[in-house]
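> My questions all concern the structure below.
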Amino acid sequence: MSWSLGRDDGTITEWERSDGYASVRLRERGAGGFVVRLDVMEQAEDESAYERERFDDREEAEDRAAAWREARDIGE
């Protein structure tokens with residue numbers, strides 16, 4: 001299943017998987033740095049999960065978001 005960009009407003013960038021049961025969000029923190037979180041619901045055909053990581057660098061945060069999307073991309 002593919003991922004699509006659902007929100008990108010300069011502070012939050014969020015991708016949603018086409019089945020609607022998983023999302024990856026990258027958020028700029030008010031105190032500086034970035035937070036990336038993966039949320040896969042229990043209803044998803046793959047295993048549910050919730051992970052969250054902080055980064056000082058946006059590029060590192062974007063790399064983590066891309067890695068999670070790639071790892072959680074499931075065949076149709």
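The values are calculated or read from the model by the stated rules, or taken from the named source; none is laboratory data. A quick note: this is a predicted structure, and the numbers were derived from the prediction, not measured. Positions of Cβ are generated from backbone atoms using ideal geometry, with glycine treated the same way; all protein chains shown enter the neighbour counts. When the accessible area is computed, the model is the full protein with side chains, heavy atoms only, and any ligands, DNA or RNA have been set aside. Shrake-Rupley method; radii C 1.70, N 1.55, O 1.52, S 1.80 Å.
> Dipole size in debye (nearest 20) for the chain around its Cα centre, Lys and Arg Cβ +1, Asp and Glu Cβ -1? Mind dumping the intermediate values first?
Values: 12 positive and 22 negative charges, 70 e Å.
Here the chain has a charge dipole of around 340 debye.
> Please report the carbon-and-sulfur percent of the accessible area for the chain; probe 1.4 Å, protein heavy atoms only, DNA, RNA and ligands left out.
Values: 1790 of 4800 Å².
Solvent-exposed carbon and sulfur of the chain make up 37 percent of the total.
> So if I place +1 on the C-beta of Lys and Arg and -1 on the C-beta of Asp and Glu, and nothing else carries charge, what would the dipole magnitude of the stretch 36-76 be about its Cα centre? I want it in debye, nearest 20. Numbers along the way, then the final one.
Values: 7 positive and 16 negative charges, 38 e Å.
Using only the charged Cβ atoms, the result is roughly 180 debye.
> Provide the net charge surrounding residue 64, with neighbours chosen by a C-beta distance below 12 Å and charges set as Lys +1, Arg +1, Asp -1, Glu -1.
On the way: positive: 25, 37, 52, 54, 58, 69; negative: 51, 53, 57, 59, 60, 62, 63, 70.
So the environment of residue 64 carries a net charge of -2.
> Determine the sum of side-chain charges near residue 35: Lys and Arg each +1, Asp and Glu each -1, restricted to other residues whose C-beta is under 9 angstrom from that of residue 35. Let's see the in-between values first.
Working: positive: 25, 27, 29, 37, 52, 54; negative: 28, 53.
That works out to +4.
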